[in-house]
Amino acid sequence: MLDLYLPIIVVIGIAFAFAIGSVVFSRLVGVKRYSELKMSPYECGVPPIGNANERFSVKFYLVAVAFIVFDVEVAFLYPWAIMFKQLGWYGAITMGIFIFVLVIGFIYDWKKGALEWE
Amino acid sequence: MENLVQEAIQNVNLHAVMPSLILSVAGMALLLVAVFSPRGKTAHIAWLSIASLIVAGIVTIMGWNDTQYGFAGSVQLDNFAAFFSMICIIAAGLAILMSDEYLKRENFPVGEYYPLILITTAGAMWMVSGTDLITIFLGLEVLSVSLYILAGFFRDQVRCNEAGLKYFFLGAFSTGFLLYGMALLYGVSGTTKVYDIAAYIQANPDTTTNVMFVAGGLLMLTGFFFKIAAAPFHMWTPDVYQGAPTPITAFMSAGPKAAAFAALIRVTFICLEGMQDHLTTVFWVLAVLTMTVGNLIALNQKDLKRMLAYSSIAHAGYAMVGLVAWNEIGSAGILFYMLVYTFMNMGAFAILILIGRSGEENLTLDGVTGLGYKKPMLGIAFSIFLFALMGLPPTAGFTGKFYIFAGAINSGYIWLAVLGVLNSAVSLYYYLRIMIFMYFKEPQEDYAWVKIYPATAVSIVISVIGVLYLGIVPGSIMQLARMAGF
Amino acid sequence: MYGNLWLIPFFPLLGAIINGLFGKKIKNEAVIGGIGTLMIFLSFLVAVQNFFRLIGDTEKVHEIVLASWMTVGNLQVNWELLLDPLSAVMILVVTGVGTLIHLYSIGYMHGETGYYRFFSYLNLFAFSMLMLVLGGNALVMFIGWEGVGLCSYLLIGYYYEKKSASDAAKKAFVVNRIGDFGFLCGLFILFWALAGHGVWTINFVEIAANAHLLEAGGALITIITLAFFLGATGKSAQIPLFTWLPDAMEGPTPVSALIHAATMVTAGIYMIGRMNILFAMAPSTMMTIAIIGAATAFLAASIGFAQNDIKRVLAYSTVSQLGYMFLAMGVGAFSAGIFHLMTHAFFKACLFLGSGSVIHAMHHAYHHAHLHDDPQDMRNMGGLRSKMPITFWTFLLSTIAIAGVPLFSGFFSKDEILWWSFGSTAGHPIFWIIAVCVAGMTAFYMFRLVFMTFFGAQRTDPRAKDHIPESPWTITVPLMVLAFLAVVGGYVGVPKILGGGNHFGNFLAPVFGPAQELHNLNAHGSHALEYTLIALSVCIALFGIYMAWLMYMKNPALPAQFTAKFAGVYRFVFNKWYIDELYDFVFVNPCKRFGTFLWKIFDVRLVDGIVNGCAWVVKGVGAGLRYTQTGYMYNYAVAMVVGVVVIVGFYVFG
């Protein structure tokens, strides 16, 4: 059974060999000439100001987490919507419970102030 | 299609998840109660949580000897699940009892704490009653995610943050192993239901030598080893146990650990039976390694929470001896031991809560100097728990270890039992050292700050009764454990 | 039907817990003592109820399983109680005498520090003793057995700041451990022997039912019973393990009365009674028991001649009377032994409590006069008759009872033992001769005690002698009740030959009858012979009393002349046959020297080296392992990965 995976392993091997090989090859044969412009993070575009490892406000994360939760909720709604007629009341109730659980989370978020920016 | 729906409805059988359902609903309801309650008012949430735990416990007990199958065989509420559910409920109840005053003292009385414990317990119940790898995984995740939050609950304390983060990252890492293992098992057998996997192996005996299946099984077990803190997957334990709020540490060391043992036993004894020959060796080595590492490092600890963390690693090692035995006595022994451990360990942590000052900087060996004279009742209770942890009669620690080691001897693992007893002897050193500090050193403090919180005291009394009852008349509970064991 | 049996040990346990936990807070002596006494009294009531139920019941053996304890392989051990005539008698004695002594202690211990501690221990003792006698299997009995040993240790060492008391406590504990070792050995061998026949049990009823599997008179049964007997000698202070009991008098007097006279020290006799079937199967052991019993009785009685401490005389008297009971067991007179156990509990408890009353009064007087004389020395007493009339009369009645004067309780029980030791199939006239001599000696030294204490001139320091009071009612009431029992207690077992029905023996027959019949243990002889023997023993007892009167009343100078003339003998007896010194020389000092050798050479150099080395290595390894706990998550993760790789690798390639 494992021999089925042999081609995959071969591909992975080739990919690794190509990636490493091209870096090594270019380093071996390439001409190295440094300048200030070349050493900057972005050779073109806006000149960088300050450190890139800046701290973001935790509010971004809160919104991101809330977004993911409700985004996934919508993802679940699609298959139900497609089978809406066939699933009937059973589906409606089940989905209702599902949404209700999420609503509790929503109320909690709201009440805790997670949705307010300031 | 109509038939499919009908079948789905019939297959649900809410009875099979009733206890956990009660806890989930209560958890969500109390979450709303918490968010609408003024800050600092948490006592009513604690009591409502306890009430819901009691209801769930009653429902669980009423279902004894009445196996319920639900969700098309994904959930099976049998005696085994009921016994472990009761351990989790007791652990959660004790944790909540010792929490309210503690949260006030640590100046962080936030109501979400209790619903999170309830949801953790519900997750643990799915885990113990799951007969589908996905159900087990789902339970494990619900349990883990809630625990990640609880472990880092005091968000203004650095050590607590560290505990939460470490637990989260390493937990996620181990979940990767678990999920990968489950995926491999599914890949081999084409099903995620444990009984179907067992049937598949029955039909294809050579599967047990299939590298994919073996790797899958072992990777899945690794995920459980992480949860029960078996060496070398134990390293998160001391840091997390030390940093987490003390009631949560107590709870983690009892409830979720028991749940992980339950899932481990179920999948091992059903799915991986064909791997028994090699697996017992793996368990043997891990059991010895776990108890030895736990006990040896505990010897040098000065911080009591950390010492108890290592001690809990060692106790996981003792319980794993029951896995090696791989027989009815062994698995019943694990059930019994986890119950015993719940009482003795949570009791010990409850004592730590009472003698700790805000911030718990004083929970070291020096911090209990002469405690036995200044607070005699606390001293006696602590001594009882320490005696139990040592495994001395007439406490439950002795009977628990006795059954575990008896199972090992019955299966012919004499050396394992000998190593277990030797380890217990090593552990005497650090447990007794606490008692030496309590009784043989002149008190330097008057322990005036120690207030006997009523609810915490209740949890201590319950634990003392549990430890002594299971130690003196273990017969009836052991009978129940035998009915529940595999 | 006997469902409330568990209440009997439960009440004292409850009392012990209440007083132990809250006694310090209660402080009020009346409440503490009241709780302690009430608890044991309640269990006395339950015991009486169960006793009468048992009398009216045709089925005489009842096992009550309280809970399952443990299951190990084929062995199922329960928390179970056994009620049969033997244990019924024992619980009555323990709770009845126990109640009186608790009541007595309320007054006697007045003002002592740790009053609550005393009552807590005393209740705990009652609990342990009741578990011992009610235990339905050897393990429950052993718990009681150890429990009474522990309580005895705690109570002997009650005045723990006194060195002699804590030394005595340690001695009692160590000597009892030797006995316990015997008990455990016996139990293990018995268990192993029965298991060899496929019977896995330590339950007494089942042991009795399966005893026939072992070869009667064989080496195995002899070893088993001898081991059990070693346990009995430890607990019941027989040769060679009797030296702890006289020292145990360091404890408060109620303790001496309850534990070291009436109940705990009789545990050995009870144990032999409980396993009478096994003992009946081993004639050599029976012979050993009879010889040891007779020898102890004689030795202790002779030491009693020369003691001046009132409690020590009683202590040696107790050892001597216990020897009597062992003699009875040894010649197969089981019910006579238990009978004597009961009557002895009455009169000896009364005597101890009476001596306590005297000591209490003397102490009071000396305290009043600011003197530091020994309140227990009889040479400081004399003429107390008029000062303490109730104490005197009760003491006198009990002394008459122990001396074996006809119509008093001691006469009936002693007489039956004497008859069996002469006429039993396991007896021998020599036993009878020794026993009769001991009876005479007992009469002598007991009356010597009475005369020196209560009669004659008052030898107390003149400054103190007018301050000797009679004791309060909590002390005198138990004395009167016990004296009453000491007088009439024997009438439940008047032998047939004296016109009685021997109800006591008949009541116990279901317990002892089978073994006695099976192994042909009975006493034969003509009535004429029996009457003659009774007459002889009575004469000797009266002669003993007369000698005491002659030497200590009529001609008080006589003892001094006597001791001067037989100085060697006197010194020998006065120094208790140098038994303690002998033990010190033969056992203790060599042990100490050996111990010192072991300690200095073997222990310090070798064992400590190894042990400390081990500990050092273990700790070192622990300290080393600690460095694996770096605190860095990636290290932890790496450890996990390595773990997985090793496990999978081991599985796949191993």
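Remarks
- Residue match in the range C:93-104 (condition: more than 20 Å from the chain's Cα centre (by Cα), surrounded by 21 or more Cβ atoms within 10 Å (Cβ to Cβ) and in contact (Cβ under 8 Å) with a residue 60 or more places away in the chain): yes
- Of all positions in the range A:66-80, at least one carries a residue that is within 13 Å of chain B (Cβ to nearest Cβ), farther than 30 Å from B:P38 by Cβ and either at pLDDT 85 or above or more than 26 Å from the chain's Cα centre (by Cα) (or both).
Condition check ((1) surrounded by 14 or more Cβ atoms within 10 Å (Cβ to Cβ); (2) assigned to a helix (DSSP H, G or I); (3) among the hydrophobic types (A, V, I, L, M, F, W, C)) across all residues:
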residue: A:I68; (1), (2), (3): no, yes, yes
residue: A:D71; (1), (2), (3): no, yes, no
residue: A:A75; (1), (2), (3): no, yes, yes
residue: A:F98; (1), (2), (3): yes, yes, yes
residue: A:L102; (1), (2), (3): yes, yes, yes
residue: A:W117; (1), (2), (3): no, no, yes
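- Some residue of the range B:252-263 being away from every other protein chain (no Cβ under 14 Å), closer than 25 Å to B:F83 by Cα, crowded, with 22+ Cβ neighbours inside 10 Å and among the hydroxyl-bearing types (S, T, Y): yes
- Some residue of the range C:475-495 being β-branched (V, I, T), surrounded by 20 or more Cβ atoms within 10 Å (Cβ to Cβ), in contact with a Gly (Cβ under 6 Å, 6 or more places away or on another chain) and within 15 Å of C:V358 (Cβ to Cβ): yes
- Considering residues of the range A:99-118 that are touching a residue at least 24 places away in the same chain (Cβ under 8 Å) and not β-branched (V, I, T) only, the residue farthest from the other protein chains (Cβ to nearest Cβ): A:W117
- Picking from residues in the range B:121-134 that are within 20 Å of B:C271 (Cα to Cα) and hydroxyl-bearing (S, T, Y), the one that is nearest to the other protein chains (Cβ to nearest Cβ) is B:S129.
- In the range B:270-309, residue surrounded by the fewest Cβ atoms within 10 Å (Cβ to Cβ) [restricted to those that are away from every other protein chain (no Cβ under 11 Å) and not in a helix (DSSP H, G or I)]: B:K302
- Matching residues, the range B:109-136, being part of a helix (DSSP H, G or I) and not aliphatic (A, V, I, L, M): B:Y113, B:Y114, B:P115, B:T120, B:T121, B:G123, B:W126, B:S129, B:T135
- Considering residues of the range A:1-33 that are among the β-branched types (V, I, T) and within 28 Å of the chain's Cα centre (by Cα) only, the residue farthest from the other protein chains (Cβ to nearest Cβ): A:V23
- Selection count where residues are in a helix (DSSP H, G or I), out of contact with any Lys or Arg (no Cβ under 7 Å at 6 or more places or on another chain) and not basic (K, R), scope the range C:203-242: 25
- Listed here are the helices (runs of 4 or more DSSP H) enclosed by the range B:349-461 that have at least 3 residues being surrounded by 23 or more Cβ atoms within 10 Å (Cβ to Cβ): B:376-390, B:396-410, B:414-439.
- For the range B:202-220, the set of residues classified as more than 11 Å from chain C (Cβ to nearest Cβ) and more than 14 Å from B:L184 (Cβ to Cβ) consists of B:Q202, B:A203, B:N204, B:P205, B:D206, listed by residue number.
- Qualifying positions in the range C:614-627 - surrounded by 13 or more Cβ atoms within 10 Å (Cβ to Cβ) and either more than 7 Å from chain B (Cβ to nearest Cβ) or in contact with a strand residue (DSSP E or B) (Cβ under 9 Å, 6 or more places away or on another chain) (or both): C:A615, C:G620
- Count of residues meeting criterion [away from chain B (no Cβ under 14 Å), in contact (Cβ under 8 Å) with a residue 40 or more places away in the chain and either of a type in the set (A, V, I, L, M) or over 30 Å from B:F398 (Cα atoms) (or both)] in the range C:58-80: 4
- Scan of the range B:221-244 for residues that are of a type outside the set (G, A, S), assigned to a helix (DSSP H, G or I) and within 11 Å of chain C (Cβ to nearest Cβ), ordered by number: B:L221, B:T222, B:F225, B:F226, B:W236, B:T237, B:P238, B:D239, B:V240, B:Q242
- Qualifying residue in the range B:73-90 (condition: in a helix (DSSP H, G or I), within 14 Å of chain A (Cβ to nearest Cβ) and of a type in the set (S, T, Y)): no
- Answer from B:A381, B:A406, B:A396 - the residue that is in contact with a strand residue (DSSP E or B) (Cβ under 7 Å, 6 or more places away or on another chain), of a type in the set (A, V, I, L, M) and within 13 Å of chain C (Cβ to nearest Cβ): B:A406
- Considering the range B:462-486, and only residues there that are assigned to a helix (DSSP H, G or I), crowded, with 20+ Cβ neighbours inside 10 Å and more than 13 Å from chain C (Cβ to nearest Cβ), the residue that is modelled with the lowest pLDDT turns out to be B:A484.
- Those helices (runs of 4 or more DSSP H) of the range C:262-345 in which 2 or more residues are more than 19 Å from the chain's Cα centre (by Cα) occupy C:276-280, C:283-304.
- Qualifying residue in the range C:246-257 (condition: closer than 26 Å to C:W419 by Cα, surrounded by fewer than 24 Cβ atoms within 10 Å (Cβ to Cβ) and touching a residue at least 24 places away in the same chain (Cβ under 8 Å)): no
- Residues that are in contact with a Lys or Arg (Cβ under 9 Å, 6 or more places away or on another chain) and among the acidic types (D, E) within the range B:198-248 comprise just one, B:D239.
- Residue ID - nearest to B:Q242 (Cα to Cα), chosen from residues in the range B:157-169 that are within 14 Å of chain C (Cβ to nearest Cβ) and surrounded by fewer than 21 Cβ atoms within 10 Å (Cβ to Cβ): B:R159
- Residues in the range C:364-405 that are among the hydroxyl-bearing types (S, T, Y), in a helix (DSSP H, G or I) and more than 29 Å from the chain's Cα centre (by Cα): 1 in all.
- Matching option when the condition is over 19 Å from the mean Cα position of the chain (by Cα) and either more than 13 Å from every other protein chain (Cβ to nearest Cβ) or at pLDDT 90 or above (or both), among B:F137, B:F154: B:F154
- Residue among C:W200, C:W192, C:W145 that is outside any helix (DSSP H, G or I) and either more than 22 Å from C:L75 (Cα to Cα) or of a type outside the set (K, R) (or both): C:W200
The values are calculated or read from the model by the stated rules, or taken from the named source; none is laboratory data. Note that this is a predicted model, so its numbers are computed, not measured. With ideal geometry, Cβ positions are generated from the backbone for all residues, glycine too; neighbour counts draw on all protein chains shown.
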